[in-house]
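Only one structure is covered here, and it is reproduced in the block below.
Readers should treat all values here as calculations from the given coordinates under stated rules, not as data from a laboratory. Predicted model only: the values in this text are computed from it and were never measured. Cβ atoms come from the backbone with ideal geometry, glycine included; neighbour counts cover every protein chain shown.
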Amino acid sequence: MPVVFVDESGTFLPCNGQAYFVIGSFTVGDPKRTAKAFRKWLCCKFPRKKQYQTEVKFSETGISDNLRVRTINYISSLDVRIRYGYLRCERLPNTSYDQKGLREGYLYTQILGEILESYFPITEPIFTVRCDQRRLKGLKQKDFIEILRARLLPIAPASSLIDIKQVDSTTDANIQIADWIVGALAAYLNGKPLGTKYFEILKANIIGNPTELFKAD
């Protein structure tokens, strides 16, 4: 099984016209090839002042709509295989809160677990996941990893290794690709300008149906 790269877009509470929290993931046959290709694209196609940044995010200012569309087109051409999930912020159940407030770390872990389960069944002995670093409010990183491993091990082949790590996106071009993918999907779900165009470009790369948490009855 190739490495699964993961990033997210938005917050769990509605703000600035954002109604959805989205987690996107992808696999690809050769992660080294896609990382090299994406870095080359940034260096050759982006404005000079952006070319030397360690990371250029989908949401960054100073990027034209045309360049965003072309970049999403380029990412699609890299044969990425996308799975994603989302939740509508206004539908968070009461169990999402405790005395200290919103249990953001547990919510993130729950939706990520749902998406990772969609990659199963697998036959390979190692299932590798690389997530962008984010603050897991109310949850320690080691507990985040152990919760996900405990969820996935029962559906994995015997003696499988579940390898999950959070990594710094500035050092991993594939996590940066995941940022562009999830940014485009979030723009589509939230009805942002060009969101439908982004989705039409990526549609052929999406495997299966998206995972929606806390659907309306």
For this session: List the lysines whose Cα lies under 27 Å from the Cα of K45, skipping any in the same chain that are fewer than 8 positions away.
Result: K32, K36, K57, K192, K197, K203
Exercise. Dimensions of the stretch 55-123 along principal axes (Cα, Å, largest first)?
Worked result: 45, 41, 22
For this session: Would you work out if the stretch 1-70 is rounded, prolate or oblate? Take a ≥ b ≥ c from the square roots of the eigenvalues of the alpha-carbon gyration tensor; rounded if a/c is under 1.5, else prolate when a/b is larger than b/c, oblate otherwise.
Result: oblate
Problem set entry | Part-to-part distance (alpha-carbon centres) for the stretch 42-79 and the stretch 137-167, which is given in Å | 32
Exercise. At q = 0.16 Å⁻¹, what is the log10 ratio I(q)/I(0) for the chain, with the Debye formula run over Cα points and no solvent?
Worked result: -1.14
Exercise. Of A204, A178, A187, which is the most mobile in a GNM of the chain whose springs link Cα atoms less than 10 angstrom apart?
Worked result: A204
Seminar exercise, completed: So, relative contact order of the chain in percent, Cα under 8 Å, 6 or more apart, is 34
Exercise. Dipole size in debye (nearest 20) for the stretch 8-132 around its Cα centre, Lys and Arg Cβ +1, Asp and Glu Cβ -1?
Worked result: 760
Problem set entry | Fewest-first ranking of I207, I175, using other Cβ atoms within 10 Å as the exposure measure | I207, I175
Problem set entry | Coil-residue chymotrypsin sites (Phe, Trp or Tyr not before Pro) of the stretch 46-85, DSSP, other Cβ within 10 Å capped at 14 | Y52
For this session: With a cut-off of at most 10 other beta carbons within 10 Å, and DSSP calling the residue loop, which trypsin sites (Lys or Arg not before Pro) in the stretch 124-154 qualify? Please list them.
Result: R135, K140
Problem set entry | Neighbour-count ranking [beta-carbon atoms within 10 angstrom, fewest first] of C43, C131, C89 | C43, C89, C131
Exercise. Out of the DSSP beta bridges found with both residues in the chain, what percent are antiparallel (nearest 5)?
Worked result: 55
